[in-house]
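What follows is one structure encoded as structure tokens, with my remarks underneath.
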Amino acid sequence: VVTALSGSGPAYFFLLAEALEAAAVAQGLPQDIAHTLTAQTCLGAGRMLREDGASAAELRQRVTSPGGTTAAALQAFAAGGFAELVAAALSAATQRGIDLSARAENTP
């Protein structure tokens with residue numbers, strides 16, 4: 001699980017950033033601005049998670065106004081099965097790590 005979370009984890013964040021950036025461009029934001037805003041948002045959120053001491057859930061609740069834009073986006077994520085998709089992806093990476101380890105142990 002450590003490799004699936006920490007070793008593969010940066011790619012998960014890059015995938016989310018890629019999707020956010022592409023969606024912003026599709027909605028009319030210039031590419032360079034979409035990239036800068038996405039990168040700064042990732043950096044700010046990461047710093048909050050690392051330095052604040054609160055859980056990710058607590059931080060999410062703090063930055064979400066009831067009935068606001070963030071709440072609408074989070075509802076769309078939930079309706080799309082975001083948490084289940086992340087769990088399935090982590091399980092797939094974990095299983096692949098187990099498979100690769102077993103193969104390496106059985107290779108002369």
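Laboratory data are not the source of any read-out in this text; all were calculated from the coordinates shown. Computed from a predicted model, the values in this text were never measured in an experiment. Note that we place each Cβ from the backbone using ideal geometry, even for glycine, and neighbour counts take in every protein chain shown.
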Worksheet, complete the sentence: Checked against the structure, the computed Kirkwood radius over Cα pairs in Å among [x] 14.6; [y] 16.3; [z] 18.0 is the one labelled [y]
Discussion item. Cβ neighbours within 10 Å, averaged per peptide: list 4-11, 32-39, 75-82 in order, most packed at the top.
Written reply: 32-39, 4-11, 75-82
